[in-house]
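The block underneath contains the structure these notes are about, expressed in structure tokens.
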Amino acid sequence: AAAACRALGLQAEVRAVQVPGGGRGTGAGGPEAAARDVRHRALDDAARDFAPDAVVLLGHTMDDQAETVLLGLGRGSGARSLAGMAAATGRLRRPFLHLRRADTLGACADLGLTPLVDPTNEPDGTWRRADGGPLRRSALRHAALPALEEALGPGVVPALARTADQLRRDADLLDALARDVLAEVTRAGDGTSLSLDAAGLEAAHPAMRSRVVREAIMGLADRGVRGALAARHIAAVEALISDYHGQGTVHLPGRLTARRRGATLVIAKE
């Protein structure tokens, strides 16, 4: 990849990273999530070293977006996960989300460029799930999506991408409303902990309450562990609000805890 960039007259820098578990991650997001987090941190560091306002261009296509939606469906995720990848998040930009993978491959062919294939995306790649099977995205790409196209006809990928776009608009609005509610129920916060009014949270609609809890946790969580936050964690914290009967501390990813202290819900770093 570096040689191809230099042949086009572009600067190229290679930074080596270490993925926890050596590609056989067993965390909530599996090896794919672990590799993505490490890769994004390295890209963010490289961009910051280049210029404070530098952006990072990623090559995700509409096909990648469709796979992301299916991965979320398979996990029983909510609207935020099913909304897929945003065209812009922080310094990350995804300019090809409206293009099919075949379009990008065709452009490479027209320009005389040889595309590089990530071996982890191949079903027989060396990176495997903890149970020895192919990575889930690879299995979706090479088995599930073709089967859906055969069963439902062409157009599955654009349809899934449209679903992501529609859900993203809804999720963006609901998240903004959740941040407003979070501000209303916050009694104290110092960057390492939040003290929230439990009665105010209990009065919120359950759909909004779960989003407020998620916003509170995400505000304290380190970026590298946010993908490990699961529905069961949110449900356990919600139980401290709406079904409190003396249960103890809830342990959350990233060494965060949630506990009830009288009329206050406290979420804090350990």
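The values are calculated or read from the model by the stated rules, or taken from the named source; none is laboratory data. These numbers were taken from a predicted model, which means no experiment stands behind them. Cβ atoms come from the backbone with ideal geometry, glycine included; neighbour counts cover every protein chain shown.
Could you please let me know if His233 is without any contact (Cβ under 8 Å) to a residue 24 or more places away in the chain, of a type outside the set (Asp, Glu) and either more than 24 Å from Gly72 (Cβ to Cβ) or in contact with a Leu (Cβ under 7 Å, 6 or more places away or on another chain) (or both)? Yes; evaluated as a whole, the condition is true for this residue. Taking the listed residues Leu116, Leu97, the one that is assigned by TED's automatic domain parsing to the domain that holds Ala16, outside any helix (DSSP H, G or I), crowded, with 17+ Cβ neighbours inside 10 Å and in contact (Cβ under 8 Å) with a residue 40 or more places away in the chain is Leu97, with no other qualifying.
Residues satisfying the criterion are present in region 165-186 (criterion: under 22 Å from Ala239 (Cα atoms), among the polar types (S, T, N, Q) and either touching a Ser or Thr at 6+ places or on another chain (Cβ under 8 Å) or not assigned by TED's automatic domain parsing to the domain that holds Gly246 (or both)). Suppose we filter Ala178, Ala159, Ala188, Ala183 for residues that are surrounded by 12 or more Cβ atoms within 10 Å (Cβ to Cβ), over 23 Å from Leu99 (Cα atoms) and small (Gly, Ala, Ser); which single one remains? Exactly one residue qualifies, and that residue is Ala178.
Restricting Asp49, Asp53 to residues that are modelled with pLDDT under 95, among the charged types (D, E, K, R) and outside any helix (DSSP H, G or I) narrows the list to Asp53.
Among the conditions (1) in the same structural domain as Tyr244 (by TED's automatic domain parsing); (2) surrounded by 14 or more Cβ atoms within 10 Å (Cβ to Cβ), the only one that Ala199 does not satisfy is (2). With the requirement that a residue be under 22 Å from Ala143 (Cβ atoms), in contact with a Leu (Cβ under 7 Å, 6 or more places away or on another chain) and not hydrophobic (A, V, I, L, M, F, W, C), what does region 62-102 give you? Once the filter is applied, which keeps residues that are under 22 Å from Ala143 (Cβ atoms), in contact with a Leu (Cβ under 7 Å, 6 or more places away or on another chain) and not hydrophobic (A, V, I, L, M, F, W, C), region 62-102 yields Gln65, Glu67, Gly72.
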